[in-house]
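Below: the structure, in structure tokens.
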């Protein structure tokens, strides 16, 4: 009995077929692949450990002060209150502007647009916009929102306000919102739409009551990911003129003070990372931990949402 | 609702048209969505317009001799383009030397070797890495990669150096390369693999000789997109490569240096943004235009390869 089960075991069959030779190339290849993935993940873990250990002293020692404090030149007294406020309002602008515009454009492209050259042009154009480097969006924001529309975005601060930054980043993530929302809409089964049309619903009624509810988790995943992207972008902020040194205003959440000078988390990290004093290293690391908590939380929510949604199918 | 009389004698074309109010709402909603879709074209047009306008001022006013001198010192009227271009090429080359093997290895493992359960754990980890803001990687490149890796390899390396920046950019680009490459390999039909196994090929042979060649267009697209992203990456270089005031032409990757993107950030940084003599301000847009054209060309090129994969399978 034992002998019989052994002869039929796949392990033995494989050994017979390989005529006793060991699959060296296969092993080497597998090890190389694992090494590639391993190095990548080790780097990720090292990065997280490095900032966490670097920022620990600040986070454990004076978390409250650090979260509410202001910019400055004394590393032991600086705080990120103004940065959190700027980042919060940038997020608000992205949610209020990029999300509706992006989802609207995606609905047009997937549900309404005829198969025409114009539609194809819009489509190609959006994909190219998604590949434009973020500094270039910074230039756009500088020329249009900071200079061109200064009377709207804040004449007293020369246009370098959180309004300009929020609008610039909303424009930056717009193509990403469109692309991911369009993908979610494309995944909605066609018979759902046909059933709607079959009972006499108009296109909008079908979209509103059948397509959108089905696609919501997918759209949400994409929008949350793009929000995370917007909150972490620093390059456009530099061009729009986020403040890096002293800032007397910029910790009020009142809407009337939106058109004043501002700073945001990525800008703070960029500035502090360039300062030579040792104290700023731990302050920077602590600021990074706070930013990562915000950004990675958003990412994790998006990934979990998508995984749950994929499983349901 | 359209309650046309269903009396067959009186059933006219008009009664089949439906409720005019409902139709009007339908048309208004369609127009609204079209408007949101057209926004993306407006954004593209504005980018081109803004870049073109200031670039024209720069090109028509600049002394051609100052475009080819010993270095990039915009505040002193020296706009040596090759310094920045070579810097970008160096950083991109180092970045891709890191991202290409890591990304490709991770992609082959995830697509060919990993069991679904392993994949469900590893894939989100790569996505978390993709979500880390580039300022954070810049800090990591300066504070960990530079002293722990670069200065160990070459003891004479400066703390700020192009090598560390390049490696940082590589880590940033790896998830992108991995995800596009994995998509390409997963879209290779299962039948091709089965046929290869049927011929008695091992897993390595099947991966290297069948799946990778079948997915080659997608892999090329992954690399080109990676290059495009690396060229456009700003913050890692701005933080880790130093040289914020300007830099001499140099091919030394172990010393300070500048790329097109970092030069823009450096020029715009500081208080009240871009001041300086003459054409300093316009040089920002000139470099921006170069960057825009370069990444656009690469993205269009990559798009062609992606489409080729889609057509084949």
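Readers should treat all values here as calculations from the given coordinates under stated rules, not as data from a laboratory. Quantities reported herein were computed from a predicted structural model and do not represent experimental measurements. So basically every Cβ, Gly included, is an ideal-geometry build from the backbone, and we count neighbours across all protein chains shown.
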- Expressed to one decimal in nm², the mean projection of the alpha carbon convex hull of chain A is 26.9
- Choose one answer from B:295, B:280, B:12: the residue with the largest mean-square fluctuation in a GNM of chain B with alpha-carbon springs under 10 Å. B:12
- Item | Label-point separation, residue A:297 to residue A:187 (7 Å along Cα→Cβ), nm | 2.5
- Could you check the simple spin-label distance between residue B:49 and residue B:23, using points 7 Å along Cα→Cβ, in nm with one decimal? 3.7
- Task: State the extension gain, in nm to one decimal, for the chain segment bounded by residue B:70 and residue B:216, taking 0.36 nm per residue of separation less the distance between their alpha-carbons.
- Result: 48.5 nm
- Other chains near B:151-164: what is the mean number of their Cβ atoms within 10 Å of each residue's Cβ? 0
- Query: Relative to the first principal axis of the alpha-carbon coordinates of chain B, what is the inclination of helix B:116-131, with its axis defined by its Cα atoms, in degrees from 0 to 90 and to the nearest 10?
  - Reply: 60
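Extension gain residue B:115-residue B:297, at 0.36 nm per residue separation less the Cα-Cα distance, in nm?
Values: separation 182, 0.36 × 182 = 65.52 nm, distance 3.75 nm.
Full extension from residue B:115 to residue B:297 adds 61.8 nm.
Determine the shielding of peptide A:25-37 by partner chains: average, over its residues, the number of Cβ atoms on other chains within 10 angstrom of each Cβ.
Mean number of neighbouring Cβ atoms from other chains: 6.
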- Query: Going out from 0 in 10 Å bins, what whole percent of all Cα-Cα distances in the stretch A:8-118 drops into each bin?
  - Reply: 11, 15, 15, 17, 17, 15, 9, 1
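Hey, with R₀ at 60 Å, roughly what FRET efficiency would residue B:209 and residue A:201 work out to, going by the Cβ-Cβ distance, to 0.05?
0.70
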- Task: Rounded to the nearest 10 degrees, what's the angle between the helix B:20-61 long axis and the longest principal axis of chain B, both from Cα atoms, 0 to 90?
- Result: 20
- Would you mind listing how long chain B runs along its three principal axes, going by Cα atoms, in whole Å with the largest first? 94, 64, 31
- Using a Gaussian network for chain B with springs between C-alpha atoms less than 10 Å apart, which of these wobbles most: B:89, B:81, B:59? B:59
- Query: If the label point is 7 Å along Cα→Cβ of residue A:27, which residues in the stretch B:194-228 have backbone nitrogen under 18 Å from it?
  - Reply: B:202-205
- Note on the structure: One point scatterer per Cα, no solvent, Debye formula: log10 I(q)/I(0) for the stretch B:65-212 at q = 0.17, 0.20 Å⁻¹ comes out as -1.00, -1.16
- Query: Along the three principal axes, how long is the protein assembly as shown when you take its alpha carbons, biggest first, rounded to the nearest angstrom?
  - Reply: 86, 77, 55
- Quick one: helix A:81-93 against the long Cα principal axis of chain A, what's the angle to the nearest 10°, folded into 0 to 90? 70
- With labels modelled as points extended 7 Å from the Cα through the Cβ direction, what inter-label distance (nm, one decimal) is found for residue A:9 paired with residue B:12? 8.7
- Note on the structure: Between residue A:256 and residue B:194, the FRET efficiency computed from the C-beta separation at R0 = 56 Å comes out, to the nearest 0.05, as 0.25
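Just checking the output field for B:279-290: average partner chain Cβ neighbours within 10 Å of each residue's Cβ?
2
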- Name the residues of the stretch A:263-278 whose amide N is less than 12 Å from a point 7 angstrom out from the Cα of residue A:249 along the C-beta direction? A:263
- Given springs between every Cα pair under 10 Å in a Gaussian network model of chain A, which of A:243, A:95, A:293 has the largest fluctuation? A:293
- With r as the distance between the Cβ atoms of residue A:194 and residue A:53 and R0 = 60 Å, compute the FRET efficiency 1/(1 + (r/R0)^6) and round to 0.05. 0.55
